[in-house]
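Down below is the structure, laid out as structure tokens.
The values are calculated or read from the model by the stated rules, or taken from the named source; none is laboratory data. Computed from a predicted model, the values in this text were never measured in an experiment. For neighbour counting, all protein chains shown are included, and Cβ atoms are generated from backbone atoms with ideal geometry for every residue, glycine included.
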Amino acid sequence: MIYLNDIVDKLKDVLSESVLNTKVFDKHVAEALNIPQGTFASMKKRNSIPYKEILEFCAVKKISVNWLFFDQAVDMLKEETEKFFQIRYFSDIRASAGGGAEVFDDKYEIISVDARIMNNIVGHGNKELEAISVDGESMEPTLQDGSIVFVDREQVDINKNGIYIAATTGGLFIKRIQKRADGMIELISDNHIYPPQSIHPDEIKIVGKVVGNIESL
């Protein structure tokens, strides 16, 4: 079992390296993860691990998620590649659940995530996933604003049910997508206060299917 207290101790070690001669406390870890101190204290008591915030922290600090959770050294990971996922995390890109957003670019961080974690989140399947954040509330309650979603670029068949990332002339969207009888493509929100949007098929490209997510706090 993974314990948040053990992870916090390691995060303190990481933070102490950047703040010499200063003792690091829980409040500093909470600040580094952008979690309110009261919420963080409650999470420690419940052993509720903030996976989303930790993944973002690891991406920024360029540290191994596997080391943080399982004490696995980078060399060990290289020798046992079948035991972890390499995920390209586009931390600066947010797939809009409301209006348009930026398209994918070449700026990303590589996150190594133990297969045990990812299998709990996305199940077994393609390991070459990408991760971006959700912007907006139109996919609530399924996806919250700020959630991290994992995208499988090999799955682009919108005839299969699910949520997809779509690149359009208006930006990057995360929606349920259906092809209408007249050939138009419909972008559908789970939040019913947002009406469906219709778009010509020449103005849309399916980037991939959302296969899992980590909710924001």
Legend entry - Residue match in the stretch 154-170 (condition: outside any loop (DSSP other than H, G, I, E, B) and farther than 20 Å from Phe90 by Cα): no
Inset, instruction - Of the conditions (1) assigned to a loop (DSSP other than H, G, I, E, B); (2) at pLDDT 85 or above, Val29 clears all except one; give me its number. - result: (1)
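Give me a count of the residues in the stretch 171-183 that are surrounded by 13 or more Cβ atoms within 10 Å (Cβ to Cβ) and not in a strand (DSSP E or B). Working first, answer last.
Taking the stretch 171-183 and keeping what is surrounded by 13 or more Cβ atoms within 10 Å (Cβ to Cβ), we get 171-178.
Checking which are not in a strand (DSSP E or B) leaves us with none.
Looking only at that region, the number is 0.
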Legend entry - Options Pro36, Pro50: the member that is farther than 22 Å from Phe70 by Cα and either touching a residue at least 12 places away in the same chain (Cβ under 8 Å) or under 23 Å from the mean Cα position of the chain (by Cα) (or both): Pro36
